Amino acid sequence: MNLDPTADQRLFQSTTREFLAKSVPVEAVRALAEAGRGFDRAWWRKGAELGWTAPLVPERFGGGSVSEAPMADLALVAVEFGRACAPGPLTTTSAVISGLVLEQDRFADLLAEIVGGETVAVWAHYEPGRGLEPRDADTTAVPDGDGFRISGIKDRVESGDQADIFLVDAHGPDGPVQVLIRADAPGVSVAPTWTLDVVRRTAQVSCTDVAVGADAVVQRDPAEATAAMRTQLRVAAALTAAEMTGATDRAFEMTMRWMFDRYTFGRQLASFQALKHRVADYKTWLEACHATAWAAANAFADDPTAAAEAVSVAKSYIGATAPGIVQECVQLHGGIGVTWEHDMHLYLRRVTLGRALYGTPGEHRRLLTDLMERNAA
């Protein structure tokens, strides 16, 4: 595993940081939230030109990685998304791409459109009251000629109200299948849903007897569909963990600056010994967040079992730790930290939603337990 980013990766990360700082400062994030918009499509295309959609895609389809570790490249971008509280479908689009590259020759045109930012494809995985496992899908895929007819409800679909196409998990007669469904297809309805994050929006997607041709079936074999869904979950969870780490990092920076600027009883807040001990603990936990997120991203270059373990370690640890650190940062700001005008709540919202998406700490601990039991058998 690479312990530090390469020179090319650092350049990729710094370019992303500068672009986000100029194009979506906090004022722009607040404006998008007030306008009820998750992200601007033209802005997302510019991000695609910077390479945000490229790492997981082969060069012959317009993609390419700046290193030998595509997921590590993406994780660095995700960290910057967290630091900026940036909008955009980075996580869900990457999950879709990780599935389509398994059938890259059949979906070459779509991959090129996604890489170019022209098409926004998102993953419709969650269902009301259902868990993470592919076999939990209640959406039905009834055979219809060479294709299927899809019926069911998906919720917590990231950027679902701005998507052009959905990668939908469904349950066929023999087990899980995955299909592509266009957002404007007959029988599809999309309803935005409220989320705690002001710009990381979700939607409920309902499918009623939606006809899907053979050319839109991504995975027909249940075993291959199950493997693809688990890979997509790992990609989404790893990037969400990295994004939460970035958001926590920025909240901690703001808090440290505040503690040196703010005086009480004639002294800087940072001069009080009790507060020094508190922030020392937060810094230690934050460094552990960075380490586990980076290890998870780099583990994709190893075998799937190693990646599954590293991702669940990162998502469970960061999901349990990051919201607590940011909440403490809010408290150290005092009353100003709980006002709408202060930016701290944007970061608290980002990490709190991130904790819930793509597996809670409890769900990933159960996945780790299952892995340990299988390895011991």
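The values are calculated or read from the model by the stated rules, or taken from the named source; none is laboratory data. This structure is a prediction, so every number in the text was calculated from the model and none was measured. Note that we place each Cβ from the backbone using ideal geometry, even for glycine, and neighbour counts take in every protein chain shown. All accessible areas refer to the heavy atoms of the entire protein, side chains included, with ligands and DNA or RNA removed. Shrake-Rupley method; radii C 1.70, N 1.55, O 1.52, S 1.80 Å.
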Go through 364, 345 for me and flag whichever is modelled with pLDDT of 95 or more, assigned to a helix (DSSP H, G or I) and over 25 Å from residue 238 (Cβ atoms).
345
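Could you tell me which of the residues 293, 322, 288, 299 is in contact (Cβ under 8 Å) with a residue 24 or more places away in the chain, closer than 25 Å to residue 33 by Cβ and of a type in the set (Gly, Ala, Ser)?
On the way: 293 fails: closer than 25 Å to residue 33 by Cβ; 288 fails: closer than 25 Å to residue 33 by Cβ; 299 fails: closer than 25 Å to residue 33 by Cβ.
So the residue among 293, 322, 288, 299 that is in contact (Cβ under 8 Å) with a residue 24 or more places away in the chain, closer than 25 Å to residue 33 by Cβ and of a type in the set (Gly, Ala, Ser) is 322.
Can we say residue 75 is hydrophobic (A, V, I, L, M, F, W, C) and either modelled with pLDDT under 95 or surrounded by fewer than 24 Cβ atoms within 10 Å (Cβ to Cβ) (or both)?
Judged against the criteria, residue 75 is not a match.
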Out of all the residues in the stretch 260-268, is one or more open to solvent by less than 70 Å² (accessible area, probe 1.4 Å) and either assigned to a helix (DSSP H, G or I) or closer than 26 Å to residue 3 by Cβ (or both)?
no
Of the conditions (1) modelled with pLDDT of 95 or more; (2) over 17 Å from the mean Cα position of the chain (by Cα); (3) surrounded by fewer than 21 Cβ atoms within 10 Å (Cβ to Cβ), residue 131 satisfies every one except a single condition; which number is it?
(1)
Scanning the stretch 242-259 for residues that are more than 14 Å from residue 348 (Cα to Cα) and buried (at least 24 other Cβ atoms within 10 Å of the Cβ) gives 242
Near pairs, Cβ below 9 angstrom, 6+ apart or cross-chain, from the stretch 102-122 (on the phi > 0 side of the Ramachandran plot) to any residue that is in a helix (DSSP H, G or I) and open to solvent by less than 30 Å² (accessible area, probe 1.4 Å):
117/44; 117/47; 117/48
Could you list, in sequence order, all residues of the stretch 1-30 that are among the hydroxyl-bearing types (Ser, Thr, Tyr), surrounded by 14 or more Cβ atoms within 10 Å (Cβ to Cβ) and either part of a helix (DSSP H, G or I) or in contact with a Leu (Cβ under 7 Å, 6 or more places away or on another chain) (or both)?
15, 16, 23
